[in-house]
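The values are calculated or read from the model by the stated rules, or taken from the named source; none is laboratory data. What you see is a predicted model; the values in this text were computed from it and never measured. Ideal geometry is used to build each Cβ from the backbone, glycine not excepted, and the neighbour counts take in all protein chains shown. Keep in mind that these areas ignore ligands, DNA and RNA; they rest on the heavy atoms of the full protein, side chains included. Shrake-Rupley method; radii C 1.70, N 1.55, O 1.52, S 1.80 Å.
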Amino acid sequence: MDPLRIVFLDRDTLPASIDLPAPQVPHELICHAHTAPDQVAERIRDADIVITNKVVLTADVLQQALRLRMIAVAATGIDNIDLDACNRRNIVVSNVRDYATHTVPEHTFSLILALRRSLLAYRQSVADVRWYESGQFCYFDFPVRDLAGSTLGIIGRGALGEAVAEIARA
């Protein structure tokens, strides 16, 4: 069996500290720090597997990769891949499952609180000495809204959406 040719198009979009375990099959791994749109077709032409994070894989470049059997997306989104072209060619597309299941939902709530409490506007006004000039303990230039009694809409029922819902229920 010939070794699989695996091409990682944008390795530097992930921190070097992230260890990528080698496949347990004979393979040749070619890592590119970044790939410009005009380099994609050439770099994937002889690949069996392509790993990408943000590089766009269009039908035009996929058509030129005759050996391609799989695209592994090093993220959760797959909107940079022409899925119709992959389906026509029976190219498997896989993304990272259960990625950042704590980090993203917690970040979601930090953003919700920042918006409900006008934190960025208040921070800027303090930097602009508004608090000092107000002459009192607090001032009411921006709305401060509670989470209590609010409605949260969650679009998506994947791992991240479910984790946001779980925190909201708490």
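Averaged over all directions, how much area does the convex hull of the C-alpha atoms of the range 70-126 cover when projected, in nm²? Intermediate values should be presented prior to the final figure.
Working: hull surface 22.7 nm².
Seen from a random direction, the Cα hull of the range 70-126 projects 5.7 nm² on average.
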Check: For the chain, what is the accessible area per residue in Å² when the probe is 1.4 Å?
Finding: 68 Å²
Check: What distance in nm separates the simple spin-label points at Tyr99 and Ala127, each placed 7 Å from Cα in the Cβ direction?
Finding: 3.0 nm
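May I ask you to compute the full-extension gain from Leu29 to Glu106, defined as 0.36 nm times their residue separation minus their alpha-carbon distance, rounded to one decimal in nm?
24.2 nm
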Note to self: Please list 3J(HN,Hα) in residue order for the range 83-90, calculated via the Karplus relation 6.51 cos²θ - 1.76 cosθ + 1.60 where θ = phi - 60°; whole Hz, with x for glycine and proline.
What the structure shows: 5, 4, 5, 5, 4, 4, 9, 6
Notebook entry, point to check: In whole Å, what are the Cα extents of the chain along the three principal axes, biggest one first?
Noted result: 77, 35, 30
Notebook entry, point to check: Roughly how many whole Å is it from the C-alpha centroid of the range 123-170 to that of the range 19-39?
Noted result: 42 Å
Notebook entry, point to check: By what distance, in whole Å, do the Cα atoms of the range 129-170 stretch along each of the three principal axes, largest value first?
Noted result: 49, 21, 16
Note to self: Once you place label points 7 Å from the Cα toward the Cβ at Arg157 and Met70, how far apart are they in nm?
What the structure shows: 2.9 nm
Checklist line | Net length gained if the chain between Ser150 and Phe137 were fully extended (0.36 nm per residue, minus Cα distance) | finding: 1.9 nm
Next item on the list: State the dimensionless ratio Rg/Rh of the range 19-62 (Rg: radius of gyration of Cα atoms; Rh: Kirkwood radius).
Entry: 0.96
Item checked: Farthest positive-ward along the chain dipole, Cα basis, beta-carbon charges - from Val56, Ile154, Gln24 -> Ile154
